[in-house]
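> Here it is, the structure in full.
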Amino acid sequence: MQRSKRLERIMKTKIISLVAILAMSFAINAQRDLNKQPKAGPAPKIKLGKAKKFKLPNGLQVIMVENHKLPRASANLTIDNKPVFEGSKAGVSGLMGGLLGNGTNKISKDDFNEKIDYLGANVNFSSGGAFASSLKKYFPEILGLMADGVKNSIFTKEEFDKEVERTLEGLKNNEKDVKAIARRVEDYLTYGKKHPYGEYTTPESIKQITLEDVKSNYATYYKPNNAYLIIVGDINPKEIKKIVTKLFSGWTKGNIPSYTLPKANNPSTTEINFINMPNAVQSEVAVVNNIDLTIGDKDYYAALLANKILGGGGTARLFMNLREDKGYTYGSYSSVRQDKYAGKFRASASVRNVVTDSSMVEILKEINKVRYQKVTNEELKNSKAEYVGRFVMDVQKPRTVASFALNIARYNLPENFYEKYLENINNVNVDDVQKAAIKYFKAEKARVIITGKGVDVLKNLEKTADYKINYFDKKGNAASKPEMTMPIPSGVTVSSVVDKYFEAIGGKDKVASVKSVMLVSTAKVQGMDITLTNKAAAPNKSSIVVSGMGQTLSKQVFDGVSGYAEQRGQKKNLEGKDLEEAVAGKAPFADMAYKSGKLDRIEPVDGKNAYVIKYNKSEIFYDVNSGLKIKSERTVKGPQGDMKVPTMFSDYKEVKGIKFPHKISQKMGPMDLNFEIKEVKINEGVSDADFK
């Protein structure tokens, strides 16, 4: 009971924090500089668990690692094919992976899933392999189900149509996701449109794929002769070998088509690639360049440590600069992607629009600093200590031993590669780190890829940047510079825009007859149900109550003259600018007050042009054609300074002759709040007591 109450208090605190946009803080770990490099101590002696291996005649390589601590076992199948460019049918391998396991010629989809659930197991499939886990006593049966799905999956038209529909719905949702678009275009530009790592799935490519294409992809690429099966847990290797041999020997090998990967090239000089996303409330900034780095390369360890110091965590330089010192972002990081075919260096941050240009400058500054100035001995020592500590902890896990064995096989590494790993880490010096940084962090030949709202970002970016700015659309195609503003037609004023809105929702007479309104809406926050009850009455009275878990989480009340805000039992009277704004309001329809604002511009919102009215700390967007309010954006104080909180209005429905938006979504930092209006009452359900 005590634990339940404690969890309830924790969840309550989290929800209140989201609603109130409370600040967060992080401790800063101080660093001190050493002039003399300390002598590295001996690397810890690591005793790796031994993996047992065998190979089936069909080419399937099996790796087994015993661990008897828990009565569980798992199997992980990895198909190590070379990436393939799918062209006009991009997404065919994804559809194939989604259809695997949806019934075989031995068991139906429903019976398969029912058996998995009954045994409390987990089995899933993808185009790159499969995974299964269960209690020890059920493992042979579960492994058999996985093997059946791998070898004998049937691809029906019914399941194919469902998978296509799910894929198209996911693609549709991603079209407004700034992060998803940013990463998609980033890979497209970094690797090239003809490279497997650069291509992406589109609705057009999905619609060109047939069931026969999926079957052909499976028959061509889903083969054992380039696959590894890793089995870990409470197993007897001799018994497992017999079971695996029986289950997987019937999986026929085949000739996998050869494919020559195009080379991914860096630009001749650093450039900015800008993708305009009018709905972006923050910018995605990434500094990217291609690298040729594979695990086991001579300078592999130095590259890891160089990246660790630059952007490998909460004490690294990028985080300390952009998050702790400048307050531009919640976090900034870098990574080096080693790859057999095309590696990548990436330094990035999600930042407020107003500091997009400054964030780019600081990221590039930190990259150049680690290249042209040697890191301190203290930084190197701390980075090594983190690697050693993590390695020693991970090596105790049987899955780590199995993954080590897989890497040795995939990359043709020496058998003692991981036994020498810490020794090689400890042998890296500050000169090695600088050489690796110069080689792999190509700040002079990088793509600075920025995805954001052009009208908020470009003016400052053009003033700050010393690089050419190239413009691209959401598909990665070259584009012209986005329109910063559109001319407001003659005769359109702030009053006419607001008047058109009132006509659009039902007419001035209908609106004038409304003396009070009650709106009740619901949303989920971290899985918890919350309710927002908004009451308003003439003249200019308002009450907003947020409740959840059977209690009031926050409340704000204004009676037309004075008011207060209450959270966690603490009450604070409205005063200063907050009180001035409340007094200037025009409840129950706040839009009437916006006539005293400024008609600033026309701006596209989700493909629709909207008039933008500036009013105090807010901007309100009205659809040029329909007149309806589709968005508002309020500037508030956040953890890293001023931030914009956008609210979207949609799904207008008529209630007693007046249209109200029944879907209201709000983005608060990293969280999306999607409210759905459940109840609307006009001229009832509201009393003077609500505003006391």
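The values are calculated or read from the model by the stated rules, or taken from the named source; none is laboratory data. Quantities reported herein were computed from a predicted structural model and do not represent experimental measurements. Here the Cβ is made from the backbone with ideal geometry for all residues, glycine too, and neighbour counts use every protein chain on show.
> Taking only the range 408-426 into account, find how many residues are surrounded by 14 or more Cβ atoms within 10 Å (Cβ to Cβ) and either touching a strand residue (DSSP E or B) at 6+ places or on another chain (Cβ under 6 Å) or within 24 Å of Ile235 (Cβ to Cβ) (or both).
5
> Tell me the residue from Ser687, Ser665 that is without any contact (Cβ under 8 Å) to a residue 60 or more places away in the chain, of a type outside the set (D, E, K, R), surrounded by fewer than 18 Cβ atoms within 10 Å (Cβ to Cβ) and within 26 Å of Asp177 (Cβ to Cβ), please. Walk me through how you get there before you give the answer.
Values: Ser687 fails: within 26 Å of Asp177 (Cβ to Cβ).
None of the other options fit; the residue is Ser665.
> What's the number of the only condition in (1) surrounded by fewer than 18 Cβ atoms within 10 Å (Cβ to Cβ); (2) charged (D, E, K, R); (3) assigned to a loop (DSSP other than H, G, I, E, B) that Lys474 fails to meet?
Going through the list (1) surrounded by fewer than 18 Cβ atoms within 10 Å (Cβ to Cβ); (2) charged (D, E, K, R); (3) assigned to a loop (DSSP other than H, G, I, E, B), Lys474 breaks only (1).
> Here's another thing I want to ask about it. Inspect all residues belonging to the range 346-365 and state whether any of them is in contact with a helix residue (DSSP H, G or I) (Cβ under 8 Å, 6 or more places away or on another chain) and part of a loop (DSSP other than H, G, I, E, B).
No.
> If you go through the range 212-221 one residue at a time, do you hit one that is loosely packed, with under 14 Cβ neighbours inside 10 Å, out of contact with any helix residue (DSSP H, G or I) (no Cβ under 7 Å at 6 or more places or on another chain) and closer than 30 Å to Gly452 by Cα? Outline the logic, then answer.
To start, the set of residues in the range 212-221 that are loosely packed, with under 14 Cβ neighbours inside 10 Å comprises 212, 216, 219.
Subsequent filtering for residues that are out of contact with any helix residue (DSSP H, G or I) (no Cβ under 7 Å at 6 or more places or on another chain) retains 212, 216, 219.
Keeping just the survivors that are closer than 30 Å to Gly452 by Cα gives none.
Scanning the range 212-221, I find no residue that is loosely packed, with under 14 Cβ neighbours inside 10 Å, out of contact with any helix residue (DSSP H, G or I) (no Cβ under 7 Å at 6 or more places or on another chain) and closer than 30 Å to Gly452 by Cα, so the answer is no.
> When the range 418-452 is examined, which residues are found to be in contact with a helix residue (DSSP H, G or I) (Cβ under 6 Å, 6 or more places away or on another chain) and part of a loop (DSSP other than H, G, I, E, B)?
Matches in the range 418-452: Tyr418, Val428, Phe441.
> How about the range 546-633: which strands (runs of 3 or more DSSP E) wholly inside it have at least 1 residues that are in contact (Cβ under 8 Å) with a residue 24 or more places away in the chain? Let's see the steps before the verdict.
Numbers: elements: 551-558, 563-567, 570-573, 598-605, 608-615, 618-623.
So the answer is 551-558, 563-567, 598-605, 608-615, 618-623.
> Only one of Val288, Val281 is surrounded by fewer than 24 Cβ atoms within 10 Å (Cβ to Cβ) and in contact with a Leu (Cβ under 9 Å, 6 or more places away or on another chain); which?
Result of the check over Val288, Val281: Val288.
> Here are the criteria: (1) in contact (Cβ under 8 Å) with a residue 12 or more places away in the chain; (2) farther than 22 Å from Ser543 by Cβ; (3) surrounded by fewer than 15 Cβ atoms within 10 Å (Cβ to Cβ). Tell me which single one Val636 does not satisfy.
Looking at each condition in turn, Val636 falls short on (2).
> I would also like to ask the following. Residue by residue through the range 375-406, note down the ones that are in a helix (DSSP H, G or I), modelled with pLDDT of 90 or more and of a type in the set (Ser, Thr, Tyr).
Ser383, the sole residue that qualifies.
> Ok, one more. How do the pairs read when you match residues in the range 132-150 that are farther than 17 Å from Gly97 by Cβ with residues anywhere that are surrounded by 23 or more Cβ atoms within 10 Å (Cβ to Cβ) and of a type in the set (Ser, Thr, Tyr), using Cβ under 7 Å and keeping only pairs 6 or more apart or on different chains?
Close Cβ pairs (under 7 Å, with a partner that is surrounded by 23 or more Cβ atoms within 10 Å (Cβ to Cβ) and of a type in the set (Ser, Thr, Tyr)) amount to Ile142/Ser134.
> Collect the residues in the range 514-536 that are touching a residue at least 40 places away in the same chain (Cβ under 8 Å) and either touching a helix residue (DSSP H, G or I) at 6+ places or on another chain (Cβ under 7 Å) or not in a strand (DSSP E or B) (or both), keeping them in residue-number order.
Val514, Lys515, Val525, Gln526, Met528, Ile530, Lys535
> Just to be sure I understand, how many residues within the range 390-406 are loosely packed, with under 14 Cβ neighbours inside 10 Å and either under 27 Å from the mean Cα position of the chain (by Cα) or in the same structural domain as Gly233 (by TED's automatic domain parsing) (or both)?
Result for the range 390-406: 2.
> Something else now. Checking the condition touching a residue at least 60 places away in the same chain (Cβ under 8 Å), more than 30 Å from Asn226 (Cα to Cα) and crowded, with 21+ Cβ neighbours inside 10 Å, which residue from Ala465, Ala443 passes?
Details: Ala465 fails: crowded, with 21+ Cβ neighbours inside 10 Å.
Step by step, each of Ala465, Ala443 is checked, and only Ala443 is touching a residue at least 60 places away in the same chain (Cβ under 8 Å), more than 30 Å from Asn226 (Cα to Cα) and crowded, with 21+ Cβ neighbours inside 10 Å.
> Tell me, please, whether a residue that is farther than 19 Å from Ile275 by Cα and in a loop (DSSP other than H, G, I, E, B) can be found in the range 453-462.
Just the residues of the range 453-462 that are farther than 19 Å from Ile275 by Cα, to begin with: none.
Within the range 453-462 (the criterion being farther than 19 Å from Ile275 by Cα and in a loop (DSSP other than H, G, I, E, B)), the answer is no, since none of the residues qualifies.
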